[in-house]
C-alpha cells in the first residue's frame, strides 16, 4: 500500500501516519522528520533547510525530490509506505509519478485531512515543538503558502481519482477510524 497523507500544517498528518504505520505495518516517510533530524545534527542540508523554514518558506523542489527518491531506494519501502509532507508542489508530484512509473508502480490512495484554519493554529501553538516559526503570524504565513501553492497538489491527484477527503476533527481515534475505513477498501 502506497499512500500520500496530505493536509495543512497542524492537520494531524504525523499522528495519523504513525497510527497507519503501526496498524498496517508500512513505514512512514516524513520529509519533516528527515529535515528536523538534519537540522538537529546541523548538517549542511539542515542548516540550509532551517534558514528556509525560519523564513516560513518551502524547501526547493529539487532538494526535496532528491531526498525522498533517495530514501525510497531503501528496501524498507518495498512493500509500501506513507508519504507525509511530500509532495507539496506540482513539480514534486510529477517527479514522484515519474519515479514510480520507472519502478512500475503508483500511489494507491491520496488521503487529505480537512481541518478549519482556527483549529490548525490552535493545534500548532499547543503542540510545543519549539519551532522558531510557531508564532501566530508565521503560522498564518505557512498556511497561506499551503493554500496558495501546496493545495494545488490536491487538484493534481484528483485527476487521478485517488483522493479521499477525511474529516480531521474529533479525537485521534475517531479520525483514525475514518482513515481505516478508507484503507480497508484497498
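Taken as a whole, the stretch 123-137 holds no residue that is assigned to a helix (DSSP H, G or I), out of contact with any strand residue (DSSP E or B) (no Cβ under 8 Å at 6 or more places or on another chain) and under 18 Å from residue 60 (Cα atoms). Here residue 166 meets each of (1) part of a helix (DSSP H, G or I); (2) at pLDDT 85 or above with one exception, condition (1).
Considering every residue within the stretch 126-138, establish whether at least one is surrounded by 15 or more Cβ atoms within 10 Å (Cβ to Cβ), modelled with pLDDT of 95 or more and under 18 Å from residue 11 (Cβ atoms). No, because not a single residue in the stretch 126-138 is surrounded by 15 or more Cβ atoms within 10 Å (Cβ to Cβ), modelled with pLDDT of 95 or more and under 18 Å from residue 11 (Cβ atoms). Helices (runs of 4 or more DSSP H) fully within the stretch 1-62 that include at least 2 residues being in contact (Cβ under 8 Å) with a residue 12 or more places away in the chain, under 15 Å from the mean Cα position of the chain (by Cα) and under 21 Å from residue 177 (Cα atoms): 13-24. Given (1) over 15 Å from the mean Cα position of the chain (by Cα); (2) exposed (fewer than 13 other Cβ atoms within 10 Å of the Cβ), identify the lone condition not met by residue 147. Among (1) over 15 Å from the mean Cα position of the chain (by Cα); (2) exposed (fewer than 13 other Cβ atoms within 10 Å of the Cβ), the lone unmet condition for residue 147 is (1). Answer yes or no as to whether residue 157 is surrounded by 17 or more Cβ atoms within 10 Å (Cβ to Cβ) and assigned to a helix (DSSP H, G or I). The answer is yes for residue 157.
Among the residues of the stretch 170-186, write down those that are in contact with a strand residue (DSSP E or B) (Cβ under 8 Å, 6 or more places away or on another chain) and surrounded by 15 or more Cβ atoms within 10 Å (Cβ to Cβ).
Residues of the stretch 170-186 that are in contact with a strand residue (DSSP E or B) (Cβ under 8 Å, 6 or more places away or on another chain), as a first pass: 175, 178-179, 182-183, 186.
Once the filter is applied, which keeps residues that are in contact with a strand residue (DSSP E or B) (Cβ under 8 Å, 6 or more places away or on another chain) and surrounded by 15 or more Cβ atoms within 10 Å (Cβ to Cβ), the stretch 170-186 yields 175, 178, 179, 183.
Only one of the listed residues (101, 106) is surrounded by fewer than 15 Cβ atoms within 10 Å (Cβ to Cβ) and assigned to a loop (DSSP other than H, G, I, E, B). That residue is 106.
The values are calculated or read from the model by the stated rules, or taken from the named source; none is laboratory data. Since we're looking at a predicted model, the values are computed, not measured. Cβ: placed from backbone, ideal geometry, glycine included. Neighbour counts: every protein chain shown.
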